[in-house]
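Undergrad: Sharing a structure, written as C-alpha cells. Questions coming.
Every read-out reported here was derived from the displayed coordinates using simple, explicitly stated rules and does not represent laboratory data. Treat the numbers as computed from the prediction; the structure is a model and nothing was measured. Because the Cβ atoms are built from the backbone with ideal geometry, glycine has one as well, and the counts that use them run over all protein chains shown.
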Amino acid sequence: MTESHPTERHEAELETDAPDSSRGGDDSSEELVAARHDERAAFTYTPAPESRSIVHLKSSYGLFIDGAFVEPADGNAYKTENPATEEVLAEVAAAGLADVDRAVEVAGRAQREVWGPMPGAERAKYLFRVARIIQERSRELAVLESLDNGKPIRESRDVDVPLAAAHFFYYAGWADKLEYAGFGPHPAPIGVAGQVIPWNFPLMMAAWKLAPALAVGNTCVLKPASTTPLTALLLAEIIQQADLPPGVVNVITGAGSVAGAALVAHPGIDKVAFTGSTEVGKDLQRALAGTGKHLTLELGGKAANIVFEDAPLDQAVEGIVNGIFFNQGEVCCAGSRLLVQESIADTVVERLKRRLATLRVGDPLDKNTDLGAINNAAQLAKIEELAAAGEAEGAVRWSPSCTLPSKGYWFAPTVFTNVSQAHRIAQEEIFGPVLSVLTFRTPEEAVAKANNTVYGLSAGVWTEKGSRILWMAGQLRAGVVWANSFNRFDPTSPFGGYRESGFGREGGRQGLGAYLDV
Ligand code: NDP
C-alpha cells in the first residue's frame, strides 16, 4: 500500500484483512472491480519527492512586531520540528508578556492612526498585493507547510495555499464595498483583533483570520500554534514585502498558556478570534465574560457523513475517504462518523476497505502521498488512546496493510465497525485518521443519530434525492451541510458551528460581521 522514502527504516507492520484476490470461480463485475483494486493496491510507486531547496530555513526566527522581526524581550526560544522525521527545523522566539504588550500597543496605534482611517479602496490594494505574493510564493509556502505540519504536499499545494490566497482576494474585494454589505451605512471596525490559531491548517487559518479583519479596518496580533509557526512567519515576511504599514499585522510565536493567554486577556484587545479545542475555547469564553470584548470561537466537531441506499456509491466512498482521511483526519469538520443505511452497509464497508488499501502513507513531501504524519507526539498519543478505547469497548478495528516510517509520528488509516452511539469513538473528537461506522434504517433515525453529539460543526448527506437533501439539511444541527460532497471550502461561503463547536462565522459576507462593531 505504501512506498516510503528509501532512506526511511520501516518497523510498524499492521495486519490486513483485505479481500483475497487469489480466490477464483466468480467472474461477476464486483469481483473484477475488486481484482482491479487489488492490483492497484499492489502497485509500487517510485518516490517523487518535492524539492526542499525552494525553502530557505533560518536557524532562528524572531517575533514580527511593528513591521520588523525582533528578538523577544527575555530572549526565550523553542524548537519546531518536522513531525515526519523529528528533525529540528528551526528555533522560534517564545513571546513573553512584554512582547505581547508591545505587539498590542503598536497594533492599537496603527489601527487608530493609519489603518482604520484609510479608505477601503486603499486597504484593498494591500490585500490584493498579499494575495498575489502568496500565489507567487506558493511552492515555497506549500513545501514549508508540509515540512512543519506533516501534511501531504498534494494537499498543501492544492488546498491550503490556494485557499489562503483566495481568502485575501475575496476580502480585498469587500474592503471598498462595506456600506453595501448589509451592516448599515457606516460599518466600523472593532479595533485590535487578537487571533489564536491551531496547527492543522496553519497558513489557511492565518488567512481566514487576517483577511476579513484587515479588510474592514482592524489591525491584528496573530498567535500561531507552537508546533506550526513557520508559515505564519513566512506570511509575515510576505506582509512586509507587500509594504503593509508597520503594526497592522503582528505575529507573536510562543506557548498558548503564556503568549496566547496574555494576548486574549490584554486590555488593548477589542476582539478575540480563536480556532482550536473546545476545552480552551470554553476557558476563553469564561475569561472574557463581562470584559466587553467581541469573541468568535471555532472549536471541535464530530461530523456525521450520512450515506443513503440510493446514493452514488463510488462517489460516496470517495467522499467518505476525503471526509476523514484528508489532512490525516486532523480537521475540525472531518466526517469522523459514517452513518450508512443498513441495507448497503456491508457493500459500502467492503468498497471502503478496498479503496483504503490503495492509499499511500508516508513522506509528506512525496507527490504520491495521500496521508502524511500526525502533527505532534501529544496528538498521536491522543489518537492511540482513543483507538485503544474503541477496541476495549467492543468495536472492531481494521487498518489496511501499511508500513509506517519508524521515525516521526504516524498512524495508519483506521476503520471501526460495530460501533455503538455510546462508545467514546462515536462521541469524542479523535482528530486523526479514524472512522467510526454506524448504521441507520430511516431518515429520522439518521437525523437523531447525527445530532446525538455535543458538537454541531458540519455534516454530509449522500442521496440522489434533492428533496431528501433539503429535508436533512433542515434537520441537522450543523453549521455546514455538504450534499454529495464533503470538505469543500470556499471563501464566499460561511463556515462555523453550533453548540460546543463554537459560534460566529468565517468566510462570506457573514465573515465580515465578525470583525465589525455591529
Ligand atoms: P489548543 O486549543 O490547545 O490550541 C489551539 C491554539 O490555542 C494554539 O495556538 C494554542 O497554543 C493556543 N492556546 C492553548 N492554550 C491557550 C490559552 N489558555 N489561551 C490562549 N491560547 C491558547 O489545541 P491543541 O493543539 O492542544 O489540540 C488539542 C485538541 O483540540 C485536538 O486533539 C483536537 O481535538 C482539537 N483541535 C481542534 C482544532 C479545530 O480546528 N477546531 C484545531 C486543533 C485542535 P499552543 O499551540 O502553543 O498550545
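Undergrad: Jot down the per residue volume, in cubic angstrom and as a whole number, of the convex hull over the alpha-carbon atoms of region 382-430.
TA: About 74 Å³ per residue, rounded to a whole number.
Undergrad: Among T347, T85, T253, T44, rank each residue by its count of other Cβ atoms within 10 Å, from fewest to most, as a rough exposure measure. Mind showing how you got there, number by number?
TA: Details: T347 14, T85 20, T253 29, T44 6.
Fewest-to-most ranking of T347, T85, T253, T44: T44, T347, T85, T253.
Undergrad: With the crude spin-label approximation of a point 7 Å out along Cα→Cβ, what separation in nm comes out for D314 versus D517?
TA: 5.7 nm
Undergrad: Evaluate region 281-322: find the radius of gyration of its Cα atoms, find its Kirkwood radius, and give the ratio Rg to Rh.
TA: Working: Rg = 19.0 Å, Rh = 13.9 Å.
Rounded to two decimals, Rg/Rh equals 1.37.
Undergrad: Can you pick out the pairs among K125/K271; K223/K449; K151/K382; K151/K293; K79/K282; K79/K209 whose Cα atoms lie more than 30 Å from each other?
TA: Working: K125/K271 24 Å; K223/K449 37 Å; K151/K382 18 Å; K151/K293 35 Å; K79/K282 28 Å; K79/K209 25 Å.
K223/K449; K151/K293, as the Cα separations exceed 30 Å there.
Undergrad: Which whole-number percent gives the relative contact order of region 213-266, counting Cα pairs below 8 Å spaced six or more residues apart? Write out the running numbers ahead of the final one.
TA: Details: 47 pairs, mean separation 24.1, N = 54.
Computed value for region 213-266: 45 percent relative contact order.
Undergrad: Here's another thing I want to ask about it. Could you tell me what fraction of 2.2 N^0.38 Å the Cα radius of gyration of region 100-219 comes to, as a two-decimal ratio? Spell out each step's value before the answer.
TA: Numbers: Rg = 15.4 Å, N = 120, 2.2 N^0.38 = 13.6 Å.
Taking the Cα Rg and dividing by 2.2 N^0.38 Å, one obtains 1.13.
Undergrad: Using a simple spin-label model with points 7 Å from Cα along the Cα→Cβ vector, what separation in nm is obtained for E445 and K177?
TA: Reported label-point gap for E445 and K177 is 4.7 nm.
Undergrad: Continuing with the same structure: By what distance, in whole Å, do the Cα atoms of the chain stretch along each of the three principal axes, largest value first?
TA: Rounded to whole Å, the extents work out to 79, 53, 38 Å.
Undergrad: Full-extension gain between D346 and Q427, please, as 0.36 nm times their residue separation minus the C-alpha to C-alpha distance. Could the numbers behind the result be given before it?
TA: Details: separation 81, 0.36 × 81 = 29.16 nm, distance 2.27 nm.
Value of the extension gain: 26.9 nm.
Undergrad: Let me ask you something else. Quick one: order D160, D370, D314, D99 by neighbouring beta-carbon count within 10 Å, fewest to most.
TA: Values: D160 25, D370 21, D314 11, D99 28.
Ascending number of Cβ neighbours within 10 Å: D314, D370, D160, D99.
Undergrad: Quick one: L263, L244, fewest Cβ neighbours within 10 Å first, how do they rank? Write out the running numbers ahead of the final one.
TA: Working: L263 27, L244 23.
The order, fewest Cβ neighbours first, is L244, L263.
Undergrad: Can you pull the semi-axes for region 311-424, root of five times each eigenvalue of the Cα gyration tensor, sorted largest first, whole Å?
TA: Working: eigenvalues 104, 68, 30 Å².
Ellipsoid semi-axes (Å, largest first): 23, 18, 12.
Undergrad: Counting alpha carbon pairs within less than 8 Å and at least 6 residues apart, what relative contact order, in whole percent, applies to the chain? It would help to have the intermediate numbers written out before the result.
TA: On the way: 1200 pairs, mean separation 104.0, N = 518.
Relative CO of the chain lands at 20 percent.
Undergrad: Determine, from the Cβ-Cβ distance of S485 and E113 and an R0 of 41 Å, the FRET efficiency 1/(1 + (r/R0)^6), rounded to the nearest 0.05. Present the calculation step by step, with values, prior to reporting the outcome.
TA: Details: r = 46 Å, r/R0 = 1.11.
The pair S485/E113 has a calculated efficiency of 0.35.
Undergrad: Which length gain, in nm to one decimal place, applies between V70 and L470 when the Cα-Cα distance is subtracted from 0.36 nm times their residue separation? List each step's numbers first, then the result.
TA: Details: separation 400, 0.36 × 400 = 144.00 nm, distance 5.27 nm.
Gain on extension, V70 to L470, equals 138.7 nm.
Undergrad: Please report, to two decimal places, log10 I(q)/I(0) for region 414-510 at q = 0.15, 0.17, 0.22 Å⁻¹ as given by the Debye formula with identical point scatterers on the Cα atoms and no solvent.
TA: -0.67, -0.86, -1.35
Undergrad: How far apart, in nm, are the 7 Å Cα→Cβ label points at E393 and D101?
TA: In this crude label model, E393 to D101 measures out at 4.8 nm.
Undergrad: Still on this structure, please answer the following. If the viscosity is 0.890 mPa s and the temperature 25 °C, what translational diffusion coefficient in µm²/s does Stokes-Einstein give for region 83-127 when Rh comes from Kirkwood over Cα pairs?
TA: Working: Rh = 13.8 Å.
D, rounded to a whole number, is 178 µm²/s.
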